[in-house]
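*Asks:* Can you keep this structure in mind? I'll have questions shortly.
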Amino acid sequence: MQALNLALNGKVVDHIIPSFKKIDFFLKEWNIGVKDQRNLFLTIANVLKESKSSGKDSFKFLTKYLATFSGEDSYIISEAKEEAVRSVIEFVKAPDMFQCDLLDIPALAQLEKDSKYALVYQLLKIFLTQKLDAYLEFQAANSTLMKSYGLVHEDCITKMRLISLVDLGLNESGQIPYALIKDTLRINDDEVELWVVKAITAKLMDCKMDQMNQVVIVSRCSEHIFGPHQWLSLRSKLATWRGNVASLISTIQANKVIEEGIPAGQGTTIR
């Protein structure tokens, strides 16, 4: 903290920012308490924000700060309310952030039933679990709130279109009709492929465009959140992969038996 304050006062924070990458290692070495960790994470987040470094880096330490409140009572957690709101707004504003675990953090969950900040929590849920239609409905009813936090409607639409496109990729069994993309993203026919390219460029999905059949064939999509449902889905995919590999090995073994006369049962087993 003294080094940070010295760097701030001397306006030479660029010299200390590289050391932030080693913070986790430092914390194990220092063995400091939760309150000191909390203070350090928030200070680093503020330093990174003021230095105009990557928004992702600042957000990362802000999330670490909020995570330190897990397991605390409601009175202690309430201390993080303002920073919890800040994390939501920073996430929504960031044009290159599409995944976060904020919904699982108690410091964020408290906003859901807060009379002042419940709408902020609702906005976060929209950006992590819903599509463009839900955002447009929210914005129409809360345009003043959006402006008060400096959120630009056009930027939010752009981000929600990309999020909605990825959601289609996750839910449409690997193929998305052009017509469905057009309706979900509320765009023209000639804009469909443009938005697919934007999603690929942002590394949100890997896919191919079948112009003849007017479908997008998806091979990978990025999850916005990674909770129990996503773990179960991953488990199912791994089980399928394991079965496919076992079937392939059995086929190879059978061919060896036929072609080389190798006794059956001496091949590789999947465990």
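The values are calculated or read from the model by the stated rules, or taken from the named source; none is laboratory data. Given the structure is predicted, the values throughout are model-derived calculations rather than measurements. So basically every Cβ, Gly included, is an ideal-geometry build from the backbone, and we count neighbours across all protein chains shown. Keep in mind that these areas ignore ligands, DNA and RNA; they rest on the heavy atoms of the full protein, side chains included. Shrake-Rupley method; radii C 1.70, N 1.55, O 1.52, S 1.80 Å.
*Asks:* Would you pick out the residues in region 205-220 that are surrounded by fewer than 20 Cβ atoms within 10 Å (Cβ to Cβ) and closer than 25 Å to Phe127 by Cα?
*Replies:* If the condition is that a residue be surrounded by fewer than 20 Cβ atoms within 10 Å (Cβ to Cβ) and closer than 25 Å to Phe127 by Cα, then Asp206, Ile217, Ser219, Arg220 are the ones that fit.
*Asks:* Suppose the filter is of a type outside the set (A, V, I, L, M, F, W, C), over 17 Å from Leu124 (Cα atoms) and surrounded by 16 or more Cβ atoms within 10 Å (Cβ to Cβ); does Arg86 pass it?
*Replies:* no
*Asks:* If I go through region 98-143 residue by residue, how many of them are open to solvent by 30 Å² or more (accessible area, probe 1.4 Å), over 16 Å from Cys156 (Cα atoms) and among the charged types (D, E, K, R)?
*Replies:* 5
*Asks:* Within region 147-157, how many residues are outside any loop (DSSP other than H, G, I, E, B) and open to solvent by 60 Å² or more (accessible area, probe 1.4 Å)?
*Replies:* So the count comes out to 4.
*Asks:* Pick from Lys52, Lys35, Lys28, Lys60: which is at pLDDT below 95, within 30 Å of Thr201 (Cα to Cα) and part of a helix (DSSP H, G or I)?
*Replies:* The conditions single out Lys60.
*Asks:* Scanning region 54-71 for residues that are buried (at least 16 other Cβ atoms within 10 Å of the Cβ) and of a type in the set (D, E, K, R), which turns out nearest to Gly33 (Cα to Cα)?
*Replies:* It comes out as Lys64.
To keep it simple, each residue is scored yes or no on (1) of a type outside the set (Gly, Ala, Ser); (2) assigned to a helix (DSSP H, G or I); (3) touching a Ser or Thr at 6+ places or on another chain (Cβ under 9 Å).
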| site | (1), (2), (3) |
| --- | --- |
| Ser78 | no, yes, no |
| Val85 | yes, yes, no |
| Phe98 | yes, no, yes |
| Lys116 | yes, no, no |
| Gln122 | yes, yes, no |
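*Asks:* Consider region 1-25. How many of its residues are open to solvent by less than 50 Å² (accessible area, probe 1.4 Å) and assigned to a loop (DSSP other than H, G, I, E, B)?
*Replies:* Total meeting the criteria: 2.
*Asks:* So how many residues does region 71-126 have that are of a type in the set (Gly, Ala, Ser) and touching a Gly at 6+ places or on another chain (Cβ under 9 Å)?
*Replies:* 1
*Asks:* Then there's this: Any residue at all in region 178-187 that's on the phi > 0 side of the Ramachandran plot, at pLDDT 95 or above and open to solvent by 80 Å² or more (accessible area, probe 1.4 Å)?
*Replies:* yes
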